[in-house]
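Engineer: Would you mind keeping the following structure in view while I ask a few things?
Here, each number is a calculation from the coordinates, and none is a lab measurement. Please read these numbers as outputs of a predicted model, since none were measured by experiment. Cβ placement follows ideal geometry from the backbone for every residue including glycine, while neighbour counts extend to all protein chains displayed.
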């Protein structure tokens, strides 16, 4: 399948605590080397600090605002910002706004639960 409809993708909670909607993933769709998902972090919530051993991630903020932790750096993010997360880099994001923080997440290679390691803060 090389075409998906947003409402046909059932959201689920992933290891880091965000609500994920897989928009395109090799396990379910026609892509091979990457995945695209929408992540939602509710107001006042924060994902758990984690890293991916092999996947590089790109975050694109589509709604809301937050505070990104990327390695030893922290910075504010808002609509229109893009963040590159290199493999092995500890990261998390906190919703600091008054509405859901919504992020498009692209992973290459595609996201896998077993590639995610939860870390202590």
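Engineer: For a distance above 12 Å, tell me the whole-number percent of Cα pairs in the range 1-50 that qualify.
Structural biologist: Working: 795 of 1225 pairs.
Across the range 1-50, Cα pairs with separations above 12 Å total 65 percent.
Engineer: Which residue, 65, 34, 74, has the most motion in a Gaussian network model of the chain that connects Cα atoms within less than 10 Å?
Structural biologist: 74
Engineer: Run the quick spin-label model on residue 117 and residue 33: label points 7 Å from Cα toward the beta carbon, then report their separation in nm to one decimal.
Structural biologist: 2.6
Engineer: Next up: Using the count of nearby Cβ atoms within 10 Å as a rough guide to exposure, how do 29, 3 rank from fewest to most?
Structural biologist: Working: 29 18, 3 7.
Lowest to highest Cβ neighbour count: 3, 29.
Engineer: Right, something else. Report the dimensions of the range 1-115 along its three principal axes from the alpha-carbon atoms, largest first, rounded to Å.
Structural biologist: The Cα atoms of the range 1-115 stretch 37, 29, 23 Å along their principal axes.
Engineer: Further question on the same structure: With the alpha-carbon atoms as the only input, what is the per residue convex hull volume for the range 66-121 in Å³?
Structural biologist: Values: hull volume 5.9 nm³, N = 56.
Taking only Cα atoms, the range 66-121 has a hull volume of 105 Å³ per residue.
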